[in-house]
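In what follows, a structure is listed as structure tokens, so that the remarks can point back to it.
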């Protein structure tokens with residue numbers, strides 16, 4: 001079959017054994033793309049009721065037919081496992097460049113099970129795979145890990161956990177390319193439970209295609225079509241951040257922990273203001289000419305916000321901004337940087353902090369955490385990521401903590417924090433939330 005290599009890299013961290021396994025061709029027809037194949041493999045090899053943080057859980061990095069081809073929009077791949085939040089299969093899509101390298105690695109994905117005896121990282125370099133010691137990387141921030149691994153292994157792309165994943169924080173994610181998050185289901189905690197600090201991949205081979213020349217021609221034409229569309233070009237100029245002001249004008253921007261849909265200071269944290277003030281560059285994903293990814297530089301509370309960690313996108317601006325009534329872009333940018341550095345999901349963190357603010361307002365906790373306090377947002381990102389004090393309880397799971405204190409206003413569904421889309425204004429989304437076993441993805 002064209003478009004796939006027909007095999008997965010199989011890694012047992014407990015034994016240290018690495019092998020390749022052939023995938024039945026019929027499975028590629030029945031279980032479409034990386035997501036379909038990852039789900040099928042988990043169904044086959046992970047028994048029902050498996051503890052998400054046990055060695056028996058598996059972590060799957062999967063590509064589909066387009067990853068590795070350089071097609072615009074195909075820079076994303078999927079990561080899947082049993083979620084610590086839902087205790088069922090959950091996935092996360094993530095952009096950047098690792099998916100492209102994995103799509104050129106000779107494997108369609110990586111299936112990881114077991115638990116290492118000590119911290120390790122997986123190196124898949126030009127077709128050769130090995131586990132290497134990572135004790136010197138344990139405890140480091142994600143950008144530090146990437147810089148070190150790219151220094152050791154030129155050309156690799158890196159997916160890593162930060163200190164939050166190491167500490168099994170339920171909001172932990174897996175950071176790719178320093179600033180792209182495989183977030184939401186707590187997959188960083190799964191990776192941390194396996195003592196797997198990072199995956200570094202460099203591809204070396206072209207993906208088999210039925211008609212390579214025709215595909216290359218169609219790929220180039222598609223990229224030109226994107227660049228000739230005025231709306232798409234403006235999307236690249238302002239990024240997803242432009243949605244902040246639009247949604248507020250429509251009355252469906254999540255504000256004050258979903259109590260309101262209009263944020264009076266939406267224009268202060270939207271895409272236009274971001275471009276005028278702290279934007280210094282635009283980044284992109286493999287093969288994409290749009291360059292919608294924000295790159296910012298500023299400072300807040302004497303701390304520098306570095307371009308290395310990218311910049312806040314729509315979901316982050318809403319979660320750490322309007323949801324908490326914070327209108328200072330600098331505070332949001334620093335909180336975003338800390339989330340990427342510690343390796344935590346910005347949406348989950350924003351919902352947690354908004355819950356803390358409302359709990360404080362209603363006297364359910366003794367600490368005073370006022371609405372709109374950018375400094376408090378930054379501090380709570382660190383407290384939860386480090387599992388300090390009350391942050392430790394929240395790191396174990398926001399929904400359980402909220403139930404314990406009687407906070408019936410916590411915005412979670414099946415253990416997963418609600419993302420920054422108002423289901424009362426997007427009724428199809430609301431229906432999905434009501435019936436899905438996956439939680440508020």
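The values are calculated or read from the model by the stated rules, or taken from the named source; none is laboratory data. As the structure is a computational prediction, the values presented were derived from the model and not from experiment. Cβ coordinates were reconstructed from backbone atoms using ideal geometry, including for glycine residues, and neighbour counts include every protein chain displayed.
Going residue by residue through the range 268-277, is there one that turns out to be within 25 Å of residue 94 (Cα to Cα), in the same structural domain as residue 423 (by TED's automatic domain parsing), buried (at least 19 other Cβ atoms within 10 Å of the Cβ) and in contact with a strand residue (DSSP E or B) (Cβ under 7 Å, 6 or more places away or on another chain)? Among the residues of the range 268-277, at least one is within 25 Å of residue 94 (Cα to Cα), in the same structural domain as residue 423 (by TED's automatic domain parsing), buried (at least 19 other Cβ atoms within 10 Å of the Cβ) and in contact with a strand residue (DSSP E or B) (Cβ under 7 Å, 6 or more places away or on another chain), which makes the answer yes.
The single condition from (1) part of a strand (DSSP E or B); (2) over 17 Å from residue 90 (Cβ atoms); (3) in contact with a helix residue (DSSP H, G or I) (Cβ under 9 Å, 6 or more places away or on another chain) that residue 138 fails is (1). Residues in the range 153-186 that are in a loop (DSSP other than H, G, I, E, B) and either assigned by TED's automatic domain parsing to the domain that holds residue 386 or over 17 Å from residue 416 (Cα atoms) (or both): 153, 154, 155, 156, 161, 162, 167, 177, 178, 179.
Would you be able to say whether some residue in the range 211-228 is over 30 Å from residue 329 (Cα atoms) and assigned to a loop (DSSP other than H, G, I, E, B)? Yes. Of everything in the range 39-59, what is under 20 Å from residue 78 (Cα atoms) and either touching a helix residue (DSSP H, G or I) at 6+ places or on another chain (Cβ under 8 Å) or loosely packed, with under 11 Cβ neighbours inside 10 Å (or both)? Give them in sequence order. Result: 40, 44, 52, 53, 57, 58, 59. With the condition kept exactly as written, say whether any residue in the range 332-348 is touching a strand residue (DSSP E or B) at 6+ places or on another chain (Cβ under 9 Å), part of a loop (DSSP other than H, G, I, E, B) and either free of Cβ contacts under 8 Å to residues at least 60 places away in the same chain or buried (at least 24 other Cβ atoms within 10 Å of the Cβ) (or both). Yes - at least one qualifying residue is present in the range 332-348. Does residue 68 satisfy the criteria of being buried (at least 17 other Cβ atoms within 10 Å of the Cβ), in a loop (DSSP other than H, G, I, E, B) and in contact (Cβ under 8 Å) with a residue 40 or more places away in the chain? Spelling it out, residue 68 is indeed buried (at least 17 other Cβ atoms within 10 Å of the Cβ), in a loop (DSSP other than H, G, I, E, B) and in contact (Cβ under 8 Å) with a residue 40 or more places away in the chain.
As a summary of the residue check, residue 36 satisfies the conditions (1) touching a helix residue (DSSP H, G or I) at 6+ places or on another chain (Cβ under 8 Å); (2) assigned to a strand (DSSP E or B); (3) surrounded by fewer than 18 Cβ atoms within 10 Å (Cβ to Cβ) except for the one numbered (2).
Counting the residues of the range 36-56 that are touching a residue at least 24 places away in the same chain (Cβ under 8 Å) and either outside the structural domain of residue 80 (by TED's automatic domain parsing) or within 15 Å of residue 3 (Cβ to Cβ) (or both) gives 1. Go through the residues of the range 289-298 one by one and say whether even a single one is surrounded by fewer than 21 Cβ atoms within 10 Å (Cβ to Cβ), free of Cβ contacts under 8 Å to residues at least 40 places away in the same chain and closer than 30 Å to residue 404 by Cα. Taking every residue of the range 289-298 in turn, none turns out to be surrounded by fewer than 21 Cβ atoms within 10 Å (Cβ to Cβ), free of Cβ contacts under 8 Å to residues at least 40 places away in the same chain and closer than 30 Å to residue 404 by Cα.
Mind telling me which of the residues 401, 371 ends up being surrounded by fewer than 23 Cβ atoms within 10 Å (Cβ to Cβ), assigned by TED's automatic domain parsing to the domain that holds residue 241 and over 14 Å from residue 169 (Cβ atoms)?
On the way: 401 fails: over 14 Å from residue 169 (Cβ atoms).
Going through 401, 371 in turn, just one is surrounded by fewer than 23 Cβ atoms within 10 Å (Cβ to Cβ), assigned by TED's automatic domain parsing to the domain that holds residue 241 and over 14 Å from residue 169 (Cβ atoms): 371.
Residues in the range 143-169 that are touching a helix residue (DSSP H, G or I) at 6+ places or on another chain (Cβ under 6 Å) and touching a residue at least 60 places away in the same chain (Cβ under 8 Å): 12 in all. Only residues that are touching a strand residue (DSSP E or B) at 6+ places or on another chain (Cβ under 8 Å) and surrounded by 21 or more Cβ atoms within 10 Å (Cβ to Cβ) were counted in the range 417-440, giving 3. Only a single criterion out of (1) in a helix (DSSP H, G or I); (2) farther than 25 Å from residue 97 by Cβ; (3) out of contact with any helix residue (DSSP H, G or I) (no Cβ under 9 Å at 6 or more places or on another chain) is not satisfied by residue 252, namely (1). Within the option set 389, 372, being over 23 Å from residue 247 (Cα atoms) and out of contact with any strand residue (DSSP E or B) (no Cβ under 9 Å at 6 or more places or on another chain) holds for one residue only, 389.
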